[in-house]
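Below is one structure, written out as structure tokens; comments come after it.
Just so you know, all these numbers are worked out from the coordinates, no wet-lab data involved. No experiment lies behind these values; they were computed from the predicted model shown. Note: ideal-geometry Cβ built from the backbone for every residue, glycine included; neighbour counts use all protein chains shown.
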Amino acid sequence: MQNSPGPSNLQRLAIVNAAEESISLQAESGKGKSLRLNNSQSQSQLQSSSSSDRNGNPSSRKSILNEMPNAAFQDYVKRNIEFLKFHLKDISAKLDDLLNSRPKPCICTIQRIEENEDQFQLPMDSFNHIENMENTLRDNFPRQQMILTLLRIGGMTLQKTVYSIMDKLFTYEIGTQYTWTEKSTKGVDKNKFGDLKNILSAISGAVLANNDITADDKTATKIQFQVSEWLRHCQQNLKK
């Protein structure tokens with residue numbers, strides 16, 4: 001039976017290049033001892049090849065590749081493939097550990113937040129409801145509970161977060177009765193939303209605690225703008 005031909009010089013050269021890169025990773029990770037070559041001839045040839053590259057003489061590497069026995073070369077490639085598999089498995093395990101280490105809310109926290117939602121009776125749909133809420137949130141404890149309730153809503157951007165919070169807090173009907181400055185664009189007198197200091201404090205607290213929003217967006221001016229925009233669109237959303 002005729003023996004199958006070994007890899008061509010170009011194929012060997014490409015494989016050696018890739019293998020040498022894995023060896024450098026092996027040296028950095030400190031795990032190279034378990035993956036040393038058993039064949040001293042192939043190791044010596046590889047070192048000579050690397051030295052030739054540094055001296056700018058690629059023809060020397062091709063010459064060494066011609067002289068390297070197929071068995072030694074295949075053993076060299078096999079060992080480095082095994083190393084790469086081990087290295088990738090190690091990285092995958094570390095990523096799994098990192099994901100599993102993320103904090104998860106306990107059941108009691110979730111139950112408390114749900115109880116708070118029932119206590120606050122959201123969304124607010126009347127002036128009396130809003131006034132009572134503003135008075136309730138004067139105390140730090142209920143205000144913190146409201147922040148936790150609103151923080152649970154989340155949002156990847158400032159606009160999405162503020163709009164979702166406002167949707168949770170107010171109906172569109174009551175929203176049409178407010179503007180930030182007490183005046184609408186048509187000059188109609190409305191209630192001044194900016195006077196609801198405690199409710200605004202809870203809204204801002206939930207926005208500031210949202211880690212998905214960039215730090216540049218977590219300013220009082222930008223939060224105020226998004227609240228104003230939500231109020232401005234209430235009439236339009238009410239017609240949908």
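Along segment 228-234, what does the Karplus equation 6.51 cos²θ - 1.76 cosθ + 1.60 (θ = phi - 60°) give for ³J(HN,Hα), rounded to whole Hz, x for Gly and Pro?
4, 5, 4, 4, 5, 8, 4
How far apart, in nanometres, would the label points at ASP189 and ALA220 be if each is projected 7 angstrom from Cα along the Cα-to-Cβ direction?
2.7
ASN135 to VAL77: extension gain in nm, 0.36 nm per residue of separation minus the Cα-Cα distance? Don't jump to the answer; show the numbers that get you there.
Details: separation 58, 0.36 × 58 = 20.88 nm, distance 7.36 nm.
Between ASN135 and VAL77, full extension yields 13.5 nm more.
Once the Cα atoms of segment 199-240 are picked out, what are the Rg and Dmax in Å?
12.1, 35
For a protection proxy built on the mean count of beta-carbon atoms within 10 angstrom, sort 201-210, 123-132, 226-235, 73-82 highest first, please.
Details: 201-210: 19.8, 123-132: 14.7, 226-235: 18.3, 73-82: 16.6.
Ranked from most to least packed, the peptides come out as 201-210, 226-235, 73-82, 123-132.
How far is it, in nm, from the label point at ARG152 to the one at GLU229 when both lie 7 Å from their Cα along the line to the Cβ?
2.7
Going by amide H atoms built from the backbone, whose H comes under 5 Å of the H on MET124, apart from near neighbours?
Answer set, sorted by chain and number: PHE170, THR171.
Between ASP125 and ASN70, what is the label-to-label distance in nm when each label sits 7 Å out along the Cα-to-Cβ direction?
Label-label distance for ASP125 and ASN70, simple model: 8.3 nm.
As an exercise, use a Förster radius of 45 Å and the Cβ-Cβ distance of THR181 and HIS87 to find the FRET efficiency, rounded to the nearest 0.05. Intermediate results must be reported in sequence, preceding the final value.
Working: r = 61 Å, r/R0 = 1.36.
The pair THR181/HIS87 has a calculated efficiency of 0.15.
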